[in-house]
1. What number, rounded to the nearest 500 deg cm²/dmol, is the helix-based mean residue ellipticity at 222 nm of the chain, given -39500 (n - 2.57) per DSSP H run of at least four residues and division by all its residues?
2. Find how much the distance from residue 89 to residue 160 grows on full extension, using 0.36 nm per residue of separation minus their present alpha carbon separation; answer in nm with one decimal.
3. Evaluate the Kirkwood expression for the hydrodynamic radius of the chain, namely the inverse of the mean inverse distance over all pairs of different C-alpha atoms, and round to one decimal in Å.
4. What ranking do 113, 33 get, fewest neighbouring Cβ atoms within 10 angstrom at the top?
5. Please provide three numbers in whole Å: the alpha-carbon extents of the stretch 155-204 along the principal axes, with the largest listed first.
6. Taking every pair of distinct Cα atoms and averaging 1/r, then inverting, what Kirkwood hydrodynamic radius in Å comes out for the stretch 88-205?
7. Can you sort 185, 7 so the residue with the fewest Cβ neighbours within 10 Å comes first?
8. Which of 128, 50 comes first, and how do the rest follow, when ranked by fewest Cβ neighbours within 10 Å?
């Protein structure tokens, strides 16, 4: 199957996908900011996240990947609906000297443990150090699975709800988004609960 057609099937089937809004800098300190929807948790202990920048249509690596290869650091900012327009503007394929923070009208703020800045408008930030990159080739649409050790999580108190003495992230306050195919996004506030069984059913004795 043509890779572009297959891409359409994949992004139309594997939905909704969370969005990693990744900020990086190169060795010279030039900022970059870009969203990636091939993103998920890889491990809890040790805490590791992963996302996969694809090789661009012109056969080149994305600036995010180049910067991480150079510096070994990145910040993963969690997207909320309140700044989705800025995220969308930052997704444009532009020259490396363009600052996507400026392009998207978003505010860079210093991180605590890594050089790339956080996105101030985001309510949750993961400051990460590169663990490994698993490469799947150099063709157009080939993925590069970036695995990052989480050094620090910063959570704005405004998205926290206390339940039974535990502080939890409230999805109705966070208002995060999921990525669909094409221009479509999904809200994450249309929810329902379904309790998972507490134990495996026992096999009947013969």
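Just so you know, all these numbers are worked out from the coordinates, no wet-lab data involved. Just so it is clear, the structure is predicted and the values come from calculations on it, not from any experiment. Positions of Cβ are backbone-derived with ideal geometry, glycine not excepted, and every protein chain shown enters the neighbour counts.
1. On the way: 5 runs with 36 residues, N = 206.
Computed mean residue ellipticity for the chain: -4500 deg cm²/dmol.
2. Working: separation 71, 0.36 × 71 = 25.56 nm, distance 2.83 nm.
Here the answer is 22.7 nm.
3. 18.4
4. Values: 113 11, 33 27.
Lowest count first: 113, 33.
5. For the stretch 155-204, the Cα spread along each principal axis is 50, 36, 16 Å.
6. On the way: mean 1/r = 0.0538 Å⁻¹.
Every distinct Cα pair counted, the radius reaches 18.6 Å.
7. Numbers: 185 18, 7 15.
Ascending number of Cβ neighbours within 10 Å: 7, 185.
8. Values: 128 29, 50 21.
Ascending Cβ contact count within 10 Å gives the list 50, 128.
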